[in-house]
Amino acid sequence: MESTGEQLSERERLRHSDEEDTVASAVANAHAASEKLVQHTLGLVTKEFDLKLADLDLLRKMNDASKTQYSTITDRTRAAVDRLFTLRAEQEEIAPELEKIDKIHASAVELENVAKLLDDYTKQLKARFEASVLKK
């Protein structure tokens, strides 16, 4: 039979061995959990990075579309301004002719009024003449 000291030593060795196994198991679990955490964090960071890249790509496409629209608007505005300057120059060029037309129109209106007055006077003369001829 073993002595009490040897039994205690064997128990302590077994208990110590169980504690080592428990610690080793806890370390292995902690290592596995930390590895899983690192993998999940890496996955999240990768997905977040992919979202940011998609956002940047969308912004780039929107900028390109805006750039095209503003370029078109700028071209149209320049063409309109050029056309306005051309029209202004043409208007200045024909302004003397338009003034002549206005003067001719005013003369025509005045001539029309004189003709109306003359027509009225002629009608009055006719009426007087007919009245004097009828009296006789």
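The values are calculated or read from the model by the stated rules, or taken from the named source; none is laboratory data. In this text, all values refer to a predicted model and were calculated from it rather than measured experimentally. Note that we place each Cβ from the backbone using ideal geometry, even for glycine, and neighbour counts take in every protein chain shown.
Look at Glu112 and say whether it is exposed (fewer than 10 other Cβ atoms within 10 Å of the Cβ) and modelled with pLDDT of 95 or more. No: the conditions fail for Glu112. Screening Thr86 on (1) at pLDDT 95 or above; (2) outside any helix (DSSP H, G or I) shows it passes everything except condition (2).
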